[in-house]
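Let me begin by handing over the structure; questions about it come next.
The values are calculated or read from the model by the stated rules, or taken from the named source; none is laboratory data. Not measured: the values here are computed from a predicted model. Positions of Cβ are generated from backbone atoms using ideal geometry, with glycine treated the same way; all protein chains shown enter the neighbour counts.
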Amino acid sequence: MKKEVIHPEREADFVTGAYSDAVIIDGMIYVSGQASVDFKTSKFDLGTIEEETHKTLQNIEAILKKAGSSLDYVVKTTAHLADIADFDRYNEVYASYFKGVKPARTTVQSVLAENLKVEIDCIAKIPE
């Protein structure tokens, strides 16, 4: 069982902490919870729920692209919102990123670090 670690726009030996941005195994990519962060500086880019959702999904897109996949192949997401009252505004942005059959999804309210408003993880297929 060979695992490959993906870190977009970062040096190959970049250490994120006790996790990887994503891991590929058996034709699937498992993307860790992503947020509104600048990959080059590892600094959070806080803003409105809409701005953070856009940046978070753009980060997920970058990870998937580097792995040879795309949002079209996402089968499952989990989203954490700091305030569930932001759901409708978050959902409008989220929905704009997925065409056709939408991924299965769980959305919950969670206490998020660093004053983040949203964190999203996903599982996607890597097309052959």
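Got a number for residues in segment 49-82 being in contact with a helix residue (DSSP H, G or I) (Cβ under 8 Å, 6 or more places away or on another chain), more than 17 Å from GLY100 (Cβ to Cβ) and surrounded by fewer than 17 Cβ atoms within 10 Å (Cβ to Cβ)?
Looking only at that region, the number is 1.
Could you please find all residues in segment 66-101 being within 12 Å of ALA124 (Cα to Cα) and in a loop (DSSP other than H, G, I, E, B)?
Matches in segment 66-101: ALA67, GLY68, SER69, SER70.
Any idea how many residues of segment 14-34 are loosely packed, with under 14 Cβ neighbours inside 10 Å, within 18 Å of THR56 (Cβ to Cβ) and at pLDDT 75 or above?
Final tally of qualifying residues: 1.
Something else: Name the residues in segment 102-126 that are polar (S, T, N, Q) and part of a helix (DSSP H, G or I), would you?
Scanning segment 102-126 gives a single hit, ASN115.
Give segment 73-128 a look and list any residue that's touching a residue at least 60 places away in the same chain (Cβ under 8 Å), under 16 Å from the mean Cα position of the chain (by Cα) and within 13 Å of GLU52 (Cβ to Cβ), or say none.
Of everything in segment 73-128, those that are touching a residue at least 60 places away in the same chain (Cβ under 8 Å), under 16 Å from the mean Cα position of the chain (by Cα) and within 13 Å of GLU52 (Cβ to Cβ) turn out to be LEU112, LEU116, LYS117, VAL118, GLU119, ILE120.
Which residues, counting only those in segment 18-65, are touching a strand residue (DSSP E or B) at 6+ places or on another chain (Cβ under 9 Å), part of a loop (DSSP other than H, G, I, E, B) and either without any contact (Cβ under 8 Å) to a residue 60 or more places away in the chain or of a type in the set (S, T, N, Q) (or both)?
Of everything in segment 18-65, those that are touching a strand residue (DSSP E or B) at 6+ places or on another chain (Cβ under 9 Å), part of a loop (DSSP other than H, G, I, E, B) and either without any contact (Cβ under 8 Å) to a residue 60 or more places away in the chain or of a type in the set (S, T, N, Q) (or both) turn out to be TYR19, SER20, ASP21, SER36, ASP45.
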